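The values are calculated or read from the model by the stated rules, or taken from the named source; none is laboratory data. Only a predicted model underlies this, so the values are computations on that prediction, with no experimental measurement involved. Note that we place each Cβ from the backbone using ideal geometry, even for glycine, and neighbour counts take in every protein chain shown. Accessible surface is based on the protein model in full, side chains and every heavy atom, while ligands, DNA and RNA are left aside. Shrake-Rupley method; radii C 1.70, N 1.55, O 1.52, S 1.80 Å.
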Number of protein chains: 4
Amino acid sequence: MSEHPHPFADLIGLTFDSAESGSSQCRVPVRPELLNPHGVVHGAVAYALADSGMGGALYTLLEKGESCATIEIKIVYLSSVREGGLVCNTRVVRKGSRVAVLESEVFEADRLVAKALGTYSIHSR
Amino acid sequence: MSEHPHPFADLIGLTFDSAESGSSQCRVPVRPELLNPHGVVHGAVAYALADSGMGGALYTLLEKGESCATIEIKIVYLSSVREGGLVCNTRVVRKGSRVAVLESEVFEADRLVAKALGTYSIHSR
Amino acid sequence: MSEHPHPFADLIGLTFDSAESGSSQCRVPVRPELLNPHGVVHGAVAYALADSGMGGALYTLLEKGESCATIEIKIVYLSSVREGGLVCNTRVVRKGSRVAVLESEVFEADRLVAKALGTYSIHSR
Amino acid sequence: MSEHPHPFADLIGLTFDSAESGSSQCRVPVRPELLNPHGVVHGAVAYALADSGMGGALYTLLEKGESCATIEIKIVYLSSVREGGLVCNTRVVRKGSRVAVLESEVFEADRLVAKALGTYSIHSR
């Protein structure tokens with residue numbers, strides 16, 4: 001979805017399915033490098049999906065010359081994941097002129113495994 | 001600090017300096033693979049430090065046979081990072097029998113770049 | 001909705017419309033006592049709706065002899081309110097045996113003015 | 001500390017001890033009207049202290065003609081309170097030109113009962 005290189009996305013295997021009209025979908029297939037000592041996917045992977053997905057969703061609503069940055073995100077975990085793949089659906093809840101609010105839901109197959117609520121600042125480059 | 005393999009920590013280069021008495025310190029050196037398309041360290045790296053650091057700090061207070069899991073974490077960003085290294089100091093704010101509250105501060109050199117406040121559940125294995 | 005006295009709800013004028021099957025709706029009419037120095041409804045009023053609404057929604061899913069308590073709530077504000085009334089719709093996102101995740105949306109008429117994501121602990125009395 | 005009327009503060013009995021140099025202290029004595037059906041102080045009271053305290057602390061750092069508004073606050077509860085009084089200490093963690101990060105600790109006597117981490121937007125009136 002982006003012409004810009006994204007090294008961290010490449011490192012964890014994160015790719016975008018879509019980003020348009022204030023929404024985005026991105027995913028990470030589970031692989032052994034993403035596990036923590038308990039054998040479950042590290043919480044930072046779901047977080048990376050939420051943070052990347054929020055940026056991707058918000059960019060679709062920005063004007064030329066505007067950029068955005070994460071102010072803060074809260075993520076809550078509903079279930080642990082050992083295999084399969086994580087898919088993250090994000091939408092802009094509200095975009096103001098300087099602050100936007102976004103939410104993400106992370107699924108493994110049909111199971112909701114994490115939910116995030118975040119805010120971004122919007123600024124002119 | 002741990003005898004258990006931690007593949008995700010290895011993937012991003014996260015290591016622990018210390019974990020004792022309800023506190024921990026862990027770090028990640030900045031390298032190109034950790035950057036986002038803006039050329040700054042992806043927010044998930046500071047998050048990974050907070051989440052890992054909270055787990056590391058809380059484990060030092062658990063009884064034999066107890067385990068813990070992240071309920072939720074909020075992280076707020078104060079400054080972006082392009083180079084150097086991230087160091088995360090974490091402490092247990094309060095440990096109950098079933099829920100613990102922790103906070104982390106992430107620094108690049110002397111600069112506070114992120115702050116996190118999280119909760120963990122504690123359970124018998 | 002409750003046979004138990006709730007002094008703080010009475011103080012701010014909070015009443016429940018419904019609480020069943022893991023959802024609740026509660027409301028507060030705006031009146032001068034609820035305003036802050038800017039002439040807008042104090043943020044703690046929307047917060048009180050979210051916190052009370054979450055408790056009300058979760059109680060509908062508890063077994064006899066179980067109780068619950070707020071672990072933490074994050075609330076984000078989308079718009080300020082000067083008059084009218086606040087209505088809060090809450091639902092349980094997931095109820096585990098010991099922790100539940102809930103979300104609330106606070107409206108003034110058709111306008112979403114705040115959104116909250118919280119966690120509760122569940123325990124036997 | 002303020003020459004402006006604050007009806008909601010009056011309603012719950014909130015007063016400021018101090019507000020200067022990016023910090024503030026405010027308090028609420030416990031009285032029966034602040035209790036929830038469990039007989040403990042409603043969580044919205046500690047929240048009101050944090051939100052009010054953050055506004056009070058941030059205003060001490062604003063320029064003439066600037067105002068601020070809560071973006072979001074997360075509050076976590078460490079202990080319930082049945083009697084005595086709540087005192088809230090707040091400090092600005094970082095003030096940027098458009099966003100500030102603040103944290104509050106709420107005590108009952110020597111006991112830390114809640115902790116909050118929030119963000120505010122800063123704008124010219």
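Out of C:83, C:72, one residue alone is part of a loop (DSSP other than H, G, I, E, B), modelled with pLDDT of 95 or more and among the acidic types (Asp, Glu). It is C:83. In the set (1) among the charged types (D, E, K, R); (2) under 20 Å from residue D:119 (Cβ atoms); (3) assigned to a loop (DSSP other than H, G, I, E, B), residue B:64 fails one condition alone, (2). With respect to the conditions (1) more than 10 Å from chain D (Cβ to nearest Cβ); (2) touching a strand residue (DSSP E or B) at 6+ places or on another chain (Cβ under 7 Å); (3) more than 18 Å from residue C:13 (Cβ to Cβ), residue C:106 falls short on a single one, namely (3). Of the residues making up the stretch A:108-125, those that are surrounded by fewer than 21 Cβ atoms within 10 Å (Cβ to Cβ) and either free of Cβ contacts under 8 Å to residues at least 24 places away in the same chain or charged (D, E, K, R) (or both) are A:108, A:110, A:111, A:125.
Scan the stretch A:78-103 residue by residue and report those that are more than 14 Å from chain C (Cβ to nearest Cβ) and either of a type in the set (Gly, Ala, Ser) or more than 22 Å from residue A:39 (Cβ to Cβ) (or both).
If we filter the stretch A:78-103 for residues that are more than 14 Å from chain C (Cβ to nearest Cβ), which is where we start, we get A:81-90.
Selection gives A:84, A:85, A:89, A:90.
The condition of being in contact with a Cys (Cβ under 9 Å, 6 or more places away or on another chain) and under 15 Å from residue B:43 (Cα atoms) holds for only one of A:69, A:50, that being A:50. Look at (1) part of a strand (DSSP E or B); (2) open to solvent by 20 Å² or more (accessible area, probe 1.4 Å); (3) closer than 30 Å to residue B:119 by Cα and you find that residue D:90 fails only one, number (2). Residue B:49 satisfies every condition listed in (1) assigned to a helix (DSSP H, G or I); (2) under 30 Å from residue C:122 (Cβ atoms) except (2). Does the stretch B:24-35 include one or more residues that are hydrophobic (A, V, I, L, M, F, W, C), in a helix (DSSP H, G or I) and more than 24 Å from residue A:54 (Cα to Cα)? No: the stretch B:24-35 contains no residue that is hydrophobic (A, V, I, L, M, F, W, C), in a helix (DSSP H, G or I) and more than 24 Å from residue A:54 (Cα to Cα). Kindly establish whether residue C:11 is free of Cβ contacts under 8 Å to residues at least 24 places away in the same chain and either part of a strand (DSSP E or B) or of a type in the set (A, V, I, L, M, F, W, C) (or both). Spelling it out, residue C:11 is indeed free of Cβ contacts under 8 Å to residues at least 24 places away in the same chain and either part of a strand (DSSP E or B) or of a type in the set (A, V, I, L, M, F, W, C) (or both). Of all residues in the stretch B:21-28, one or more are open to solvent by 60 Å² or more (accessible area, probe 1.4 Å), within 10 Å of the chain's Cα centre (by Cα) and at pLDDT 95 or above.
When the stretch A:29-74 is limited to residues that are open to solvent by less than 20 Å² (accessible area, probe 1.4 Å) and more than 11 Å from chain B (Cβ to nearest Cβ), the one that is nearest to the chain's Cα centre (by Cα) turns out to be A:53. Taken across the stretch C:11-28, residues that are closer than 16 Å to residue D:43 by Cα and within 8 Å of chain D (Cβ to nearest Cβ) do occur, with at least one present. Any idea which residue in the stretch B:9-20 is most open to solvent (accessible area, probe 1.4 Å), counting only those that are under 22 Å from residue B:103 (Cβ atoms) and hydrophobic (A, V, I, L, M, F, W, C)? Going through the qualifying residues, I end up with B:16. From the list A:97, A:121, A:21, which one is touching a Lys or Arg at 6+ places or on another chain (Cβ under 7 Å), among the hydroxyl-bearing types (Ser, Thr, Tyr) and over 30 Å from residue B:56 (Cα atoms)? Among A:97, A:121, A:21, only A:121 is touching a Lys or Arg at 6+ places or on another chain (Cβ under 7 Å), among the hydroxyl-bearing types (Ser, Thr, Tyr) and over 30 Å from residue B:56 (Cα atoms).
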